[in-house]
1. Filter the stretch 15-71 for residues that are surrounded by 15 or more Cβ atoms within 10 Å (Cβ to Cβ) and in a loop (DSSP other than H, G, I, E, B) and give the result.
2. Go through the residues of the stretch 139-155 one by one and say whether even a single one is farther than 22 Å from Y119 by Cβ, of a type in the set (S, T, Y), touching a residue at least 12 places away in the same chain (Cβ under 8 Å) and surrounded by 19 or more Cβ atoms within 10 Å (Cβ to Cβ).
3. Determine, yes or no, whether E9 is acidic (D, E) and closer than 30 Å to A125 by Cα.
4. Would you mind finding the one in S63, S6 that is at pLDDT below 90 and over 19 Å from the mean Cα position of the chain (by Cα)?
5. Determine which member of the set I58, I77 is modelled with pLDDT of 85 or more and over 15 Å from the mean Cα position of the chain (by Cα).
6. Considering only the stretch 87-106, I want to know if a residue exists there that is at pLDDT 90 or above, polar (S, T, N, Q) and either over 13 Å from the mean Cα position of the chain (by Cα) or surrounded by 14 or more Cβ atoms within 10 Å (Cβ to Cβ) (or both).
Amino acid sequence: MTHQLSMTEAELVAACMRDDRIAQRELYDRYKKAMYTLAYRTTGDFAVAEDVLQEAFIKIFRSLKSFRGESTVGAWIKTIVVRTAYSKLRKKKIFTESLDNQHLEQQVDWGHNRLDAEYLEKAIAALPEGYRMVFTLIEVEGYAHKEVAEMCGISVGTSKSQLFHAKKRLRESLKAFGY
């Protein structure tokens, strides 16, 4: 069977469900970059993000037959990646709902006196994992608090609190460095 890059999402999913390895590779290739970026933004660690991506795609291919088409395949894959990242962080016991007093003074090298995407990325990466996860899902990925709460197994109130404190720390950190 030959595949074209112009396969529709439905055709690609159907081929993957038939255990078509070429289609599975195409699905992986379509989503790997965006999902790796999401995994990195939520974990803040390149190696952990690679593990998350690998584990997530194993889960995706094992459970693709359960995909009901209630959302796009991309949204479904994104949810699996987020849940896998959250699970990995919980296993490492680095996701926390506590509002500790640890600040962003994690020796971030801010470089020049100009705010740009690189500095903002460093500030976000320096957030504690729980704050970073919620901030990334809501502010970068566009999820609602209810969706984040469901994905992460936390309350809506905790999601709102984590976002509030993440933004507060980002403002403090950026202000401390003259931004």
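The values are calculated or read from the model by the stated rules, or taken from the named source; none is laboratory data. The structure displayed is predicted, hence computed values, not measured ones. Cβ: placed from backbone, ideal geometry, glycine included. Neighbour counts: every protein chain shown.
1. Within the stretch 15-71, D20, G44, D45, F67 qualify.
2. no
3. No, not satisfied.
4. S6 is the lone residue from the list that is at pLDDT below 90 and over 19 Å from the mean Cα position of the chain (by Cα).
5. One residue alone meets the criteria, I58.
6. Taking the stretch 87-106 as the starting set, the residues that turn out to be at pLDDT 90 or above are none.
Within the stretch 87-106, none of the residues are at pLDDT 90 or above, polar (S, T, N, Q) and either over 13 Å from the mean Cα position of the chain (by Cα) or surrounded by 14 or more Cβ atoms within 10 Å (Cβ to Cβ) (or both).
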